[in-house]
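Reading through the structure tokens given below for one structure.
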Amino acid sequence: MEGSEDDRRSHPRLPVMIPVEYKKLSDFFVDYALDISHGGMFIATERNIEPGSEVEISFFVPELESTFVAKGKVTRQGSAPGSQLEETTPLVGIGIQFDPLPPESVEIIEQLWQNKIKS
């Protein structure tokens, strides 16, 4: 029997609601990230971005006065696990797997986790 998607992840996901800018080739988008980990993130969007597409992502964290930057690949398109807008409407979007992160972006994720633990 296959494990759930959460069981297969190698990095725990931190629930967030962060506006992110991302681009695929020359197309530029702004949507919200619903979770983030050292390995990737889920972005809520109704845009049709095919799995396998390479993307560049950035977002500013005001309380840290830092900008997160990453490159990655769309691994899936569909509903966010356990997330719904309303009782019957699942949130849809894309799962991104990050390429190796620069140290500054790793530190931002660590700080986001620390801020969650403190709150």
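The values are calculated or read from the model by the stated rules, or taken from the named source; none is laboratory data. Quick caveat: nothing in here was measured; it's all calculated off a predicted structure. In this analysis, Cβ positions are derived from the backbone assuming ideal geometry, glycine residues included, and neighbour counts consider all displayed protein chains.
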Number of the exception - residue 30 against (1) touching an Asp or Glu at 6+ places or on another chain (Cβ under 7 Å); (2) among the hydrophobic types (A, V, I, L, M, F, W, C); (3) within 20 Å of residue 113 (Cβ to Cβ); (4) at pLDDT 95 or above: (3)
Subset of the range 42-82 [touching a strand residue (DSSP E or B) at 6+ places or on another chain (Cβ under 6 Å) and over 16 Å from residue 20 (Cα atoms)]: 51, 53, 75, 76, 77, 79, 80
Residue ID - nearest to residue 72 (Cα to Cα), chosen from residues in the range 92-119 that are surrounded by 11 or more Cβ atoms within 10 Å (Cβ to Cβ) and small (Gly, Ala, Ser): 95
Identity of the residue in the range 97-119, in contact with a helix residue (DSSP H, G or I) (Cβ under 9 Å, 6 or more places away or on another chain) and part of a helix (DSSP H, G or I), that ends up nearest to residue 60 (Cα to Cα): 108
Cross-chain or 6+ apart pairs with Cβ under 8 Å, the range 1-18 first and under 19 Å from residue 110 (Cβ atoms) and modelled with pLDDT of 50 or more, then among the β-branched types (Val, Ile, Thr) and surrounded by 11 or more Cβ atoms within 10 Å (Cβ to Cβ): 13/36; 14/36; 14/109; 16/36; 18/36; 18/61
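Hey, any hits in the range 48-68 for a residue that's polar (S, T, N, Q), surrounded by 13 or more Cβ atoms within 10 Å (Cβ to Cβ), over 24 Å from residue 119 (Cα atoms) and over 11 Å from the mean Cα position of the chain (by Cα)?
Step one: of the range 48-68, the residues polar (S, T, N, Q) are 48, 53, 58, 66-67.
Okay, now just the ones that are also surrounded by 13 or more Cβ atoms within 10 Å (Cβ to Cβ), so 53, 58, 66-67.
Filter again for over 24 Å from residue 119 (Cα atoms), leaving 53, 58.
Those still in the list that are over 11 Å from the mean Cα position of the chain (by Cα) too: 53.
Yes; the residues of the range 48-68 include at least one that is polar (S, T, N, Q), surrounded by 13 or more Cβ atoms within 10 Å (Cβ to Cβ), over 24 Å from residue 119 (Cα atoms) and over 11 Å from the mean Cα position of the chain (by Cα).
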